[in-house]
Structure formats: structure tokens, C-alpha cells
Amino acid sequence: MIRRIHHVAYRCNDMAETVAFYRDHLGMQFTMAFAEDRVPSTREPDPYMHAFLDAGGGNVLAFFELPTRPPMGRDPNTPAWVQHIAFEIGSLDELAAARERLQQAGIDVLGPTDHGVFQSIYFFDPNGHRLELAVNTGTPEQLARARAVAPAMLEEWTRTRRAPRHASWLHEAEFADPEARS
């Protein structure tokens, strides 16, 4: 039934700044924009700009600028590291190069972080949205092992609300060596 995600939409503070950030720092092409004075689905008056960016592989990232609404906020009960957009890139060399480019542009970057089956870096866009660039590094065997324990992990978590240890091997090296957590 579902073929893929058509687009994912987030709010932004300034559309031109947002489009420039994703174009200049992540190489996304600005593909389309809608602007209306009324919301098409509800017909309520609420002027907006809605822009779409090509995130590669048929994936579309969209933003809304809502000039008549109160300033953007975030859920104060959700830690900043939880809600994020993760983009896949092709290699560890690309990850290192992206980290360097972002830092040279004055953007704070956390990582790389080794998640066992992928490595990633984290940073924020001008709107405060946390972004992740990730490189898959897991072997087919590691991915199969992680997939096999997922149902048991969910069942244990649901019952106890404590971290199951079924896939602790994914982060054992990172937590054993504090230097690995750069």
C-alpha cells in the first residue's frame, strides 16, 4: 500500500535562510514552492510559504514559514537529541569531509559517533532542527543479528521500561573507550 514517504515537513523561521542552508551545506536542490493566504485543506486564513528540497533518492524535505504565527518553539519535555532528521551518505571519507566543511562554515558538529552498524555526525540547522549525517558500516551479519533481536528487545522494553541488552554489542566499544565518543 505505502510506496514511500512523499515528503516530510517542518517549520522554519526564515525560508530563504533555510533553503540556502540546505542547498549550500547539504547539496539539496530547491525544487518547488507553494505560497497561499489560506490553508488548502482547512480553508482557514493563514498565509504561508511551503518549500520543497530534493534530499536524494526520491526523498523530499519540506518547510513551512508561517509569518503570522507565534515564534517557533520545541517541546520543552523532549531532549534536543531525540527529534532529528538523519540523512544517509556514502562513505566514511564523505562523512569526514562533510564534518570539515560544516566546521569551516562555523557550524558546531558533534561526532563522529559509532553506532555499531553506522557512524554519524550531528549538527543543527538555523531553525534549531537537529540533523544527522550517517554512513552505514554494518556487515550483513551484524544487520541480521540486530534485526533478529528487535522483537525480543521491544517486548522486554514494553514490560520493564529498561534498556534491554540484546544488542549491547552495538555500543560496547564506544562506552568502553571514552575517547571514542568524541
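Close Cβ contacts (under 7 Å, 6 or more residues apart or on different chains) running from residues in segment 144-172 that are aliphatic (A, V, I, L, M) and exposed (fewer than 13 other Cβ atoms within 10 Å of the Cβ) to residues that are at pLDDT below 95 and not in a helix (DSSP H, G or I) comprise ALA152/HIS166.
Only one of the listed residues (MET72, MET49) is under 21 Å from CYS12 (Cβ atoms) and without any contact (Cβ under 8 Å) to a residue 60 or more places away in the chain. That residue is MET49. For ALA16, state whether it is farther than 21 Å from GLN119 by Cβ, out of contact with any Asp or Glu (no Cβ under 7 Å at 6 or more places or on another chain) and in a helix (DSSP H, G or I). Here the answer is yes, as ALA16 does meet what is asked.
The set of residues from segment 58-69 being surrounded by fewer than 12 Cβ atoms within 10 Å (Cβ to Cβ) and without any contact (Cβ under 8 Å) to a residue 24 or more places away in the chain comprises PRO67, THR68. Filtering segment 81-104 to residues that are surrounded by fewer than 12 Cβ atoms within 10 Å (Cβ to Cβ) and in contact (Cβ under 8 Å) with a residue 40 or more places away in the chain leaves TRP81, GLY90, SER91. Does segment 62-71 contain any residue that is under 24 Å from LEU102 (Cβ atoms) and touching an Asp or Glu at 6+ places or on another chain (Cβ under 8 Å)? Yes, there is a match, as at least one residue in segment 62-71 is under 24 Å from LEU102 (Cβ atoms) and touching an Asp or Glu at 6+ places or on another chain (Cβ under 8 Å).
The values are calculated or read from the model by the stated rules, or taken from the named source; none is laboratory data. None of these values were measured; they are calculated from a predicted model. All Cβ positions, even for glycine, are placed from backbone atoms using ideal geometry, and neighbour counts span all protein chains on display.
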